[in-house]
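In what follows, a structure is listed as structure tokens, so that the remarks can point back to it.
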Ligand code: TYM
């Protein structure tokens, strides 16, 4: 076989024109909560449906290899992967329409992460705020937790994704993926596009305790598929504008987590009513939460029913089929990357 012709510096600088493609991921760590849904997955569904109309690909991934970066129980992980896949399907990610799959079923994610690690300065990883938060005060901090953002870059770049719907806590990681794409292209040739983040209006849902974002690891969440009573109980106790100490104190909706959610779920008219009644103390926070709960119920009740009706075996088989489809694209990218980096014996694997 004739060895590949080395790339000229002009080729290396060429602009990458990639097919528009959506990619996003979610970790199977703990219950799927309203922050995941409002900040990301509801947008996945909308973008996925629009993508179908325009013939664009959409890849959605249960990122199990990310979930092993912190201590975990293997037997729980398998259950969580399946539970999360069911949650996503119930939310409207149809695995027959979109490539919904499990990350570690496509080993090329881990392979590309290693190659990208060679082009990622350690200093960039040390600046990641999620690493600082998750490692702070822990006895055991895995190397994988430190290199986690490289695996996330690999997830995105493996499929040459151009659009990545996420909540704002992932923006720093996404910026690293963009930087990695530029750095790699400059050093080895134009392979990767620069992925763009896509945010919702509820890009950061705060925890029920008001202490930072809603997060599985902090236990301050409302699981999306909680039954209405349990859901309401949690929402009722949720932190609001701290200046509304009593019913008669007017509030500022712009700093209230409940209003952030109204912006996604309530009509323009209802939002106006909320603003008026919050700023004049016409309503107490209880009234505002009641309306929000009713609007959650309108959307979530059918999803809850759908979730109960799903067939686990069928979903598992769809994930398996989709991983084969994802692998075809992944292997092609890996082939290009290996060639451009000068790896291997020169013959196809
Ligand atoms: P993860 O599993 O923590 O969260 C999944 C998605 O939900 C969003 N999200 C939120 N949005 C608003 N408010 C919140 N309180 C909130 N909590 C979570 C997250 O921003 C995310 O979009 N590293 C990622 C998973 C990942 C990924 C990827 C994402 C791995 N590879 C490639 C995109 C592309 C994570 O831990 O998300």
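Comparing 261, 152, 290 in a Gaussian network model of the chain, where Cα atoms under 10 Å apart are tied by springs, the biggest mean-square fluctuation is seen for 290. A protection proxy built from the mean count of other Cβ atoms within 10 Å ranks the segments 233-239, 243-249, most packed first, as 233-239, 243-249.
Mind ranking 251-259, 86-94, 113-121, 263-271 by how tightly packed they are, going by the mean number of other C-beta atoms within 10 angstrom, highest first?
By packing density, highest mean first, the sequence is 86-94, 251-259, 113-121, 263-271.
Computed from the C-beta positions of residue 280 and residue 343 and an R0 of 51 Å, the FRET efficiency is 0.15 to the nearest 0.05. Would you mind getting me the FRET efficiency between residue 186 and residue 19? Use the beta-carbon distance for r and R0 = 25 Å, nearest 0.05. In this case the efficiency is close to 0.70. The mean sequence distance of close C-alpha pairs (under 8 Å, at least 6 residues apart), as a share of the length of region 216-308, puts its relative contact order at 28 percent. If the elastic network links every pair of Cα atoms under 10 Å, which of 207, 35, 284 fluctuates the most in the Gaussian network model of the chain? Residue with maximal mean-square fluctuation among 207, 35, 284: 284.
A simple spin-label model places the labels of residue 290 and residue 325 4.6 nm from each other, with each point 7 Å out along Cα-to-Cβ.
Three semi-axes describe the equivalent ellipsoid of the chain; taken as square roots of 5 times the Cα gyration tensor eigenvalues and ordered largest first, they are 40, 22, 19 Å.
In this simple spin-label approximation, residue 114 and residue 199 carry label points 7 Å from Cα along the Cα→Cβ vector, and these lie 3.7 nm apart. Most simply put, the chain has about 10% antiparallel DSSP beta bridges, counting only bridges with both residues inside it. Put a dot 7 Å past the Cα of residue 76, heading toward its Cβ, do the same for residue 52, and the two dots end up 3.5 nm apart.
For the chain, modelled as a GNM whose springs connect Cα atoms under 10 angstrom apart, the maximal fluctuation among 62, 275, 45 occurs at 275. Only residues of region 74-111 count here: report those whose backbone N is under 16 Å from the spot 7 Å along Cα→Cβ of residue 143, or say none. Under 16 Å, as judged by backbone N against the label point of residue 143, lie 110-111 of region 74-111.
The C-alpha atoms of the chain define a longest principal axis, and helix 143-158 lies at about 80 degrees to it. Take every pair of alpha-carbon atoms less than 8 Å apart whose residues are at least six positions apart; their mean separation over the length of region 14-99 yields a relative contact order of 43 percent.
Using Cα centres only, tell me the gap between region 169-200 and region 15-53 in whole Å. Rounded to whole Å, the Cα centres lie 17 Å apart. Remark: relative contact order (the chain) = 24 percent; criterion is Cα-Cα distance under 8 angstrom and separation of 6 or more residues.
Bear in mind that the values in this text are calculations on the coordinates, not laboratory data. Since we're looking at a predicted model, the values are computed, not measured. FYI the Cβ positions are ideal-geometry reconstructions off the backbone, even for glycines, and counts take in every protein chain you see.
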